[in-house]
Amino acid sequence: MEEVTWYDSFLESLYAKYPKKSTLAEALIELLCIEREAVYRRLRKEVVFPTPEIVKIASAWNISLDEIVGINFGLVPFQMQPLNYLDPSKQEIINFQKRTRRLEHLQQSENSEYMEVCNKLPRPIYITSLILYRFEIFKWAYQYNHDGDEKSFSKAIIPPEINKEFEIYTKCIKNVSDSHFILDPMIFTYFVQNIQYFNSILLITDEEKELLKNELYKMIDYLHNIANNGCYPDTQKKVHLYISQININTNYSYYYTNQLKSCRVYAFGKFDICTYDLEMVLNFRKWMHAKKRAAIQISETNEQHRIEYFKQQRLIVDTL
C-alpha cells in the first residue's frame, strides 16, 4: 500500500494513547464493534480506517484531526478533557492516569513553573483537603451530571482510582520549582455561599456544614502558612501568593518545563480545555503574569495586608 503521511500520523496518535499494539487493538474492537482481524488489517495499513470510524475514534479519544492532516487555519487547537469524577468510565480513568503520569517529571525538573489565576481555591491548594475537593465535585455533579438523581453530599463518593490520581497529582504539583497563584478576593465568600445554598435545600446536613466550616478554617491556616514562608510546608518549593484587586471570571493556568508546556482554561466547573501549542503557552505565560499589576502580593511581604486578609477570611467563614 502506498505510504499515506496523514494516516501514519493518525496511527501514531493511536499508539500515543495505547503504546502496546495488543491493548490498542482491544480498545478499537470495543469502540468500533468490529472483528479483531479487521482492526489488525487497519493497523498494518492493508486497509485504511473509513472516515466514520476515524471521526468516532477522534471524538472518543480526544484526537485533533486538524493536527493530524496538517491543516493550519491560524487557529490554536484546544482539547476538552472531560471526566465523570463520580462514575468514570474505564477509558476516562485511563486518560486521567495518563494526564497525571505526564506530570511526574515535575519532581525532577529544574526551573519548572506553574501559575494559576483563579476565582475559586486553586486545585493544588485545596486538593490537600479531600473533603473540600469532594465538595467541589459534589457541586459539579449537582450542576452537570444529569442522571436524574440529585445526590446528597453524603452520597457523593469519589472512586478510589480517582483518589489515587489526586494523590499523585498533589505530590507532583507541589514539587514544581516556582508556583504563582493570583486569587479572586471573593474566593471564601463564594465557598460559604455555596455551602449555605446546599444546606438550605437539604443536600448538606448541619453536621456536614460544620465539618466543611472547620475544613475552611484549616485551609485558611494552611494558606497563611504558605504566605508567611513563601513555600509549601511539606516540599519547601517556592510559592507566590497574590490577591487580585479585581474579580476574576474563571480559573486558568499553565505548566512550563523543559519537557512539558501547556495552558488550561477550566470550564463547566471541573473540565479542562487545554493546548500544548507553544505560542499560545508563551502568550498565556505573558498575559497571566501581567495580572500581577492589579494584585497585591501577600507571600513573604506586605505583612500588614497579609494579616488583615486572613483575618477577613476567618470572619467570612464565621458566618456559616
Full extension between Glu207 and Thr319 adds, at 0.36 nm per residue less the Cα distance, a length in nm of 38.8 nm
Mind computing the radius of gyration and Dmax over the alpha-carbon atoms of segment 160-204? Å is fine for both. 15.8, 43
Counting sequence-distant residues (5 or more places) and residues on other chains, those with an amide H built under 5 Å from that of Asp272 are Gln81, Ala267
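What translational diffusion coefficient, in µm²/s and rounded to a whole number, does the Stokes-Einstein relation yield for segment 80-318 at 10 °C and a viscosity of 1.306 mPa s, taking the hydrodynamic radius as the Kirkwood radius over Cα pairs?
On the way: Rh = 18.6 Å.
Rounded, D is 85 µm²/s.
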Estimated inter-spin distance, Gln81 and Ala60, nm [label 7 Å along Cα→Cβ]: 2.1
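I want to verify the translational diffusion coefficient of segment 230-320 in µm²/s; compute it with Stokes-Einstein, Rh as the Kirkwood radius over Cα pairs, at 37 °C and 0.692 mPa s. Please report the intermediate quantities before stating the final value.
On the way: Rh = 15.5 Å.
D, rounded to a whole number, is 211 µm²/s.
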Going from the fewest other Cβ atoms within 10 Å to the most, one would list Glu116, Glu208 as Glu208, Glu116
Segment 304-320 - phi-based ³J(HN,Hα) in whole Hz, Karplus 6.51/-1.76/1.60, Gly and Pro as x: 4, 5, 5, 4, 5, 4, 6, 4, 5, 5, 5, 5, 5, 5, 4, 6, 5
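Distances longer than 17 Å among the Cα atoms of segment 193-237: what percent of all pairs is that? Write down the numbers at each step before the final one.
Working: 465 of 990 pairs.
Roughly 47 percent, once rounded to a whole number.
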So how far, in whole Å, is the C-alpha centre of segment 205-263 from the one of segment 5-33? 38
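Pull out the extension gain between Lys151 and Arg293, defined as 0.36 nm times the separation in residues minus the alpha carbon to alpha carbon distance; nm, one decimal. Spell out each step's value before the answer.
Details: separation 142, 0.36 × 142 = 51.12 nm, distance 4.20 nm.
Full extension from Lys151 to Arg293 adds 46.9 nm.
So if each residue of separation counts as 0.36 nm, and I subtract the Cα-Cα distance between Leu282 and Thr189, what length gain in nm does that give? Mind dumping the intermediate values first?
Working: separation 93, 0.36 × 93 = 33.48 nm, distance 3.24 nm.
Between Leu282 and Thr189, full extension yields an extra 30.2 nm.
Every number in this text was worked out from the coordinates using simple rules, so none of it is lab data. Please read all numbers here as calculations on a predicted model, not as lab measurements. Neighbour counts run over all protein chains shown; Cβ positions are idealised from the backbone, glycine included.
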